[in-house]
Amino acid sequence: MLFHRNITPYRDYLILVILIICALIIISSNHNRQIEYFKISMVGFISAVQKELVAINDYLDLKEKNQQVQSENIRLALENSFMHEMALENQRLRELIGFKQQHEMQLIAAQVIGKGNREGIQSIVLDVGSQDSVTKNMPIVVADGLVGKIFQVGGDYSLGQILFDQNFRVSGKVQRSRVDGIIHWEKGDFCLLKEVPKRSDVLIDDWIITSGYGEIFPPGLRIGQVSEISELPNDLFMYINVKPAVDFEKLEEVFLIKSSKPTR
Amino acid sequence: MRFIKYIIVYLILLFVEKKFLDLISIKDVTPDIILIFVIIISLREERLRSTFIGFFAGLIQDAFTTAFFGLSALAKSIVGFWGNFFQQPKKKYTIAYYMMICLVLVSVHEFIYQVIQKMGSNIHFFSLILFYIIPKIMYTLVFAAIAYLIFGPAIWRARSTADRLI
């Protein structure tokens, strides 16, 4: 009773302190399974609403989309026949030189149904989940190149972490000179290729691709193009700005790389 | 009934934030409309309620980002708590007073959020303030002013209702 009377004037402060401690405990246990489950449930709720709205939108755009799909279909059919010829020629040449490192990618198509946008924290919500065999860390790509990777998976939706996220890292290399580095975003419209020693062979407009050193991203995916190179007198490394190959403003359909296994 | 309204408004804001806010981002800076919601709640409700609302509003918001889960909850519970000190039970909020409250609370929120979020990165403290904290504060304040112009009288009336209930 005495304790209750003593504590009452400070009740609000006490509750605030308890909530702050709770928040700090949650922050320090970010990889806990229960916390991941909570995040997945929340995303599931919002993505369910978003899915319905996307469906309405899709219906309204159906006629226009149909025309686009038809013309795209014709273009792809022509391209496909041309590429089939090229693949056959490539196969013959590979057999001749005994090349055995060709990879075939199994892809899962997904639609972007939401985007998270806060400085340094960027994510996309996709309409595929564990029911579609999506797993954590699957690379997300489009035809232009690397988009990011999956970091949360729900039943029929998932959350992707994109290149423009300050917690995202991918090992990359300069396609022409094979110089290695780490791609990281800090701010603005460009990424940085870090850990590249001074006087390395890097030129403006060089393509940066995934190196495939980690277990997540297969090698050879386009990340972006070198747009600016600078050096500071007291620094051991170069500052290389990379313009991402993907236009993140226009992301609608993406693909997840299910596996990247050798074919032969 | 009031809390059901809050939940509905919160869910709408959360949906708008996730779906549409990137369309109006300026150089990746977007206003934190959930924060404005928490500030308004702190001006309407008693301290304990606004602290709890800030905490849970932040926690759910955290579920959609790759930042530390619980970081928004931490910052917004402090805003919900502190915002309550600015309540004027017998007076109407002028836009100048309201904007001053928002400036203080948004600054506190962004400082806590960005400093912890960027901890360990090689971003200089000056750059953090100049490129992350100040733009975010300015953009959020613009939306706070819009919220006042649209809902100002409603904010004041609801606070009076809250007074009667307490």
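The values are calculated or read from the model by the stated rules, or taken from the named source; none is laboratory data. Computed from a predicted structure; not experimentally measured. A quick note on method: Cβ atoms are made from the backbone with ideal geometry, for glycine too, and the neighbour counts reach across all protein chains shown. In case anyone asks, the SASA skips ligands and DNA or RNA and just uses the protein heavy atoms, side chains included. Shrake-Rupley method; radii C 1.70, N 1.55, O 1.52, S 1.80 Å.
Averaged over its residues, how many other protein chain Cβ atoms are within 10 Å of peptide B:17-24's Cβ atoms?
Mean inter-chain Cβ contacts per residue within 10 Å come to 5.
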Discussion item. Given axes a ≥ b ≥ c from the Cα gyration tensor, I'd like to know whether the range A:202-264 is rounded (a/c under 1.5), prolate (a/b larger than b/c) or oblate.
Written reply: oblate
Fill in: Carbon plus sulfur fraction of accessible area for chain B, probe 1.4 Å, in percent
77 percent
Worksheet item: If one takes the accessible area of chain B alone plus chain A alone and subtracts that of the pair, with a 1.4 Å probe, what total in Å², rounded to the nearest 100, results?
Response: 4300 Å²
Fill in: Estimated FRET transfer efficiency (A:E228, A:A143; beta-carbon r; R0 22 Å; 0.05)
0.30
Worksheet item: Can you give the FRET efficiency for B:M138 and A:S133, using 1/(1 + (r/R0)^6), R0 = 41 Å, r = Cβ-Cβ distance, to the nearest 0.05?
Response: 0.40
Practice prompt. Taking a cut-off of 17 Å between Cα atoms, list the aspartates and glutamates near B:K19, but don't count ones fewer than 8 places away on the same chain.
Written response: A:E52, A:D58, A:E119, A:D127, A:E249, A:E252, A:E253, B:D28, B:D32, B:D62
Worksheet, complete the sentence: With every protein chain kept in place and a 1.4 Å probe, the range A:108-264 has an accessible area per residue in Å² of 44 Å²
Discussion item. If I model a spin label as a point 7 Å beyond the Cα along the Cα-Cβ vector, how far apart are those points for A:D205 and A:N90 in nm?
Written reply: 2.4 nm
Worksheet, complete the sentence: Across B:37-48, the residue-averaged tally of Cβ atoms belonging to other chains within 10 Å stands at 1
Practice prompt. Send over the semi-axes of chain B's equivalent ellipsoid, whole angstrom and largest first, taken as the square roots of 5 times the C-alpha gyration tensor eigenvalues.
Written response: 26, 17, 15
Discussion item. Per 0.36 nm of contour for each residue apart, how much would the distance between A:Y10 and A:F237 grow if the chain were fully extended, relative to their Cα-Cα spacing?
Written reply: 76.3 nm
Worksheet item: Assigning unit charges at the beta carbon (Lys, Arg +1; Asp, Glu -1) and nothing else, what dipole magnitude in debye, to the nearest 20, does the range B:1-127 show about its Cα centre?
Response: 520 debye
Practice prompt. Would you please put B:70-79, A:150-159, B:18-27 in order of how densely packed they are, using the mean number of other Cβ atoms within 10 angstrom per residue and starting with the highest?
Written response: B:70-79, A:150-159, B:18-27
Practice prompt. Pop a pseudo-label 7 angstrom from the Cα along the beta-carbon direction at both B:V9 and A:I18 and give the gap in nm to one decimal.
Written response: 2.6 nm
